[in-house]
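A.B. asks: Below: one structure in structure tokens.
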Protein chains: 2
Amino acid sequence: MDWSIQDVARLSGATSRTLRHYGDLGLLPPSRIGSNGYRFYDEVSLVRLQRILMLRALGLGLPAIGDVLAQQRGEGEALQHHLDWLRQEQQRLARQIRSVENTIDTLNGEEQLMAENMFDGFDHTQYREEVEQRWGADAYRRSDDWWRSMSPAEKAAWKQSQQALGADWQAAAARGVDPAGDEAQGLAKRQFEWLRGIPGTHGGEGAGPTREYFVGLAEMYVADERFAANYGGVAGAEFVRDAMVIFAEQDL
Amino acid sequence: MDWSIQDVARLSGATSRTLRHYGDLGLLPPSRIGSNGYRFYDEVSLVRLQRILMLRALGLGLPAIGDVLAQQRGEGEALQHHLDWLRQEQQRLARQIRSVENTIDTLNGEEQLMAENMFDGFDHTQYREEVEQRWGADAYRRSDDWWRSMSPAEKAAWKQSQQALGADWQAAAARGVDPAGDEAQGLAKRQFEWLRGIPGTHGGEGAGPTREYFVGLAEMYVADERFAANYGGVAGAEFVRDAMVIFAEQDL
DNA sequence: ATAGAACTTGACGCTGCGTCAAGGTCAAGA
DNA sequence: TCTTGACCTTGACGCAGCGTCAAGTTCTAT
């Protein structure tokens with residue numbers, strides 16, 4: 001009892017081309033091949049095809065389906081793995097949607113994004129050239145994309161956490177604490193974690209900034225008075241830099 | 001003042017291969033080509049590249065980006081269109097995630113999906129063969145996927161709406177109303193709308209069932225006592241069928 | 001016998017480049 | 001001058017999953 005390729009196509013809803021494709025991949029070999037080269041399928045093939053189509057409908061790739069059918073991987077395991085990937089995709093889409101929405105809003109003039117603060121509480125476009133020169137346009141663009149993808153509330157929260165950190169730095173500097181001491185090193189660690197949240201800081205996928213980047217940034221805080229002002233002037237920035245450099249040497 | 005392809009690559013974060021690709025597509029032609037064939041880019045090219053990369057980061061396709069840059073389509077319009085598509089994708093992903101989750105749950109035996117009711121409140125797997133014979137396995141599988149993708153709450157709501165409709169049919173049949181009258185035709189319309197919600201009912205993307213399918217289903221209600229029971233026996237099912245056939249002839 | 005339906009094996013197309021392959025160009029050093 | 005090495009070129013395959021011709025063979029019905 002077997003069926004031709006068209007019969008199977010009609011029964012299953014797949015096209016004959018798809019069936020031949022699966023045959024080529026070894027996913028669904030015909031149960032029999034006539035002397036004329038025609039493909040024929042039996043009940044076992046049909047059941048197998050049902051599973052293939054179901055797994056495909058769930059979004060699994062053909063190689064993954066092959067693994068499952070070959071018992072090389074448990075179905076539950078494969079689906080769980082697939083589910084993780086689906087969730088990541090959804091998050092990515094959600095971020096992109098927010099990013100596009102914000103860009104549209106900006107185009108509509110509803111929000112003057114360029115007047116917002118980002119790097120250390122300044123208009124981050126002020127630093128566009130510096131950032132590009134030092135770390136490449138790619139780094140700048142990644143940060144920019146990241147910033148655009150946030151909601152106003154998220155932006156506000158971010159700025160606040162940044163300002164709190166700056167205030168703590170200033171207070172510590174004013175009390176003259178030891179840059180190598182626990183308190184200053186704790187602040188340096190906070191600074192590191194804060195930077196970790198920004199993409200494009202040369203550490204690749206949440207790894208946080210590299211040692212080089214971190215030290216370079218510390219020097220920039222001193223060299224540039226606009227940054228320095230955020231830490232209570234040059235003296236404060238020097239304190240911040242010293243603590244950051246020590247932290248980088250010890251922990252990065 | 002121009003830059004070599006590698007210079008631009010470093011500045012922009014794109015690879016030289018990508019730049020050549022954009023050149024081939026006409027998205028970003030070099031501002032100058034040396035006698036040796038080398039590509040060179042000027043400031044204008046760089047600005048253009050920035051826009052390309054930004055739009056790409058937002059997920060636009062290269063042809064769409066080309067349209068925007070060529071002023072053939074407004075940026076806001078293109079982004080809005082893109083946003084719609086992104087949202088659809090997200091919904092699709094959400095459905096697929098639910099579907100995979102439910103399948104995993106089923107595999108884990110936490111839910112005996114096969115014991116659930118679907119078609120007209122019956123275990124829909126009871127009807128698998130009928131459905132496949134009449135409308136093909138594809139139709140069955142699409143309905144099945146759809147049903148699997150729903151949460152328990154959604155399933156409950158669906159079943160309730162279905163049962164309410166069945167009860168109204170029974171009541172109307174019991175009162176002996178005219179199958180061609182407004183009341184029965186209103187019920188037939190509800191039946192149509194209800195079916196529209198189920199994929200795989202031969203209408204293609206929310207178009208609702210075809211006339212043929214609708215009439216065939218009406219006959220099935222009478223022919224099969226399991227369906228008939230849902231409308232108060234054969235007599236009730238005949239009333240339903242008559243009303244549905246009239247509706248199909250007049251409105252489909 | 002002959003038309004028409006069904007079947008076969010190729011092979012290109014689509015998206016956005018990554019990744020060799022094979023070879024020319026150019027500035028700097030021995 | 002010759003060589004090395006960095007940088008440049010065009011060309012073409014690869015990936016995912018088939019859709020879609022194209023050209024030829026076979027089956028089925030008249």
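A.B. asks: Quick check, is A:I104 at pLDDT 90 or above and not assigned by TED's automatic domain parsing to the domain that holds A:D145?
C.D. replies: Details: at pLDDT 90 or above: no; not assigned by TED's automatic domain parsing to the domain that holds A:D145: yes.
When the stated conditions are applied, A:I104 does not pass them.
A.B. asks: Related question: Got a sec? Which of A:L53, A:L62 is surrounded by 18 or more Cβ atoms within 10 Å (Cβ to Cβ), within 36 Å of the chain's Cα centre (by Cα) and closer than 28 Å to B:T106 by Cβ?
C.D. replies: A:L53
A.B. asks: Take the residues in segment A:45-64 that are closer than 16 Å to A:H81 by Cα and assigned to a helix (DSSP H, G or I), then tell me which one is nearest to DNA strand C (Cβ to nearest atom). Quick ask: steps written out before the conclusion?
C.D. replies: To start, the set of residues in segment A:45-64 that are closer than 16 Å to A:H81 by Cα comprises A:55-64.
The next check asks that each one be assigned to a helix (DSSP H, G or I); those that pass are A:55-57, A:62-64.
Values: A:L55: 21, A:R56: 17, A:A57: 20, A:L62: 14, A:P63: 16, A:A64: 19 Å.
The selected residue is A:L62.
Yes/no matrix, rows are residues, columns are (1) touching a Pro at 6+ places or on another chain (Cβ under 6 Å); (2) away from DNA strand D (no atom under 16 Å from the Cβ); (3) in contact (Cβ under 8 Å) with a residue 24 or more places away in the chain; (4) more than 7 Å from chain B (Cβ to nearest Cβ):
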| site | (1), (2), (3), (4) |
| --- | --- |
| A:L58 | no, no, yes, no |
| A:G61 | no, no, no, yes |
| A:D67 | no, no, no, yes |
| A:E77 | no, yes, no, yes |
| A:R92 | no, yes, no, yes |
| A:S99 | no, yes, yes, no |
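A.B. asks: Collect the residues in segment A:4-18 that are within 8 Å of DNA strand C (Cβ to nearest atom) and not basic (K, R), keeping them in residue-number order. Lay out the reasoning, then the answer.
C.D. replies: Filtering segment A:4-18 down to residues within 8 Å of DNA strand C (Cβ to nearest atom) leaves A:4-7, A:9, A:16-17.
Of everything in segment A:4-18, those that are within 8 Å of DNA strand C (Cβ to nearest atom) and not basic (K, R) turn out to be A:S4, A:I5, A:Q6, A:D7, A:A9, A:S16.
A.B. asks: Is at least one residue of segment A:216-231 at pLDDT 80 or above, of a type in the set (G, A, S) and crowded, with 16+ Cβ neighbours inside 10 Å?
C.D. replies: Scanning segment A:216-231, I find at least one residue that is at pLDDT 80 or above, of a type in the set (G, A, S) and crowded, with 16+ Cβ neighbours inside 10 Å, so the answer is yes.
A.B. asks: A further question follows. If a residue must be in a helix (DSSP H, G or I), touching a residue at least 40 places away in the same chain (Cβ under 8 Å) and away from DNA strand D (no atom under 12 Å from the Cβ), how many such residues does segment A:22-44 contain?
C.D. replies: Adding up the residues that qualify gives 1.
A.B. asks: A further question on this structure: In segment B:1-21, which residue that is closer than 21 Å to B:P63 by Cα and within 12 Å of DNA strand D (Cβ to nearest atom) is surrounded by the most Cβ atoms within 10 Å (Cβ to Cβ)?
C.D. replies: Across segment B:1-21, the extreme among qualifying residues is B:L19.
A.B. asks: Let me ask you something else. Residue under question is A:G236, and the condition is that it be at pLDDT 85 or above and surrounded by 16 or more Cβ atoms within 10 Å (Cβ to Cβ); does it hold?
C.D. replies: Details: at pLDDT 85 or above: yes; surrounded by 16 or more Cβ atoms within 10 Å (Cβ to Cβ): yes.
Taking the combined requirement at face value, the residue satisfies it.
A.B. asks: Given the conditions (1) surrounded by fewer than 19 Cβ atoms within 10 Å (Cβ to Cβ); (2) among the aromatic types (F, W, Y); (3) in contact with a strand residue (DSSP E or B) (Cβ under 9 Å, 6 or more places away or on another chain), report the number of the one that A:Y41 does not fulfil.
C.D. replies: Going through (1) surrounded by fewer than 19 Cβ atoms within 10 Å (Cβ to Cβ); (2) among the aromatic types (F, W, Y); (3) in contact with a strand residue (DSSP E or B) (Cβ under 9 Å, 6 or more places away or on another chain) one by one, A:Y41 breaks only (1).
A.B. asks: Between residues in segment B:1-20 that are part of a loop (DSSP other than H, G, I, E, B) and residues that are of a type in the set (S, T, Y), which pairs lie under 9 Å by C-beta distance while being six or more apart or on different chains?
C.D. replies: B:D2/B:S31; B:D2/B:Y41; B:D2/B:S45; B:G13/A:Y140; B:A14/B:Y22
The values are calculated or read from the model by the stated rules, or taken from the named source; none is laboratory data. What you see is a predicted model, and the numbers here were worked out from it, not measured in a lab. Please note: Cβ atoms are built from the backbone with ideal geometry, for glycine as well, and neighbour counts cover all protein chains shown.
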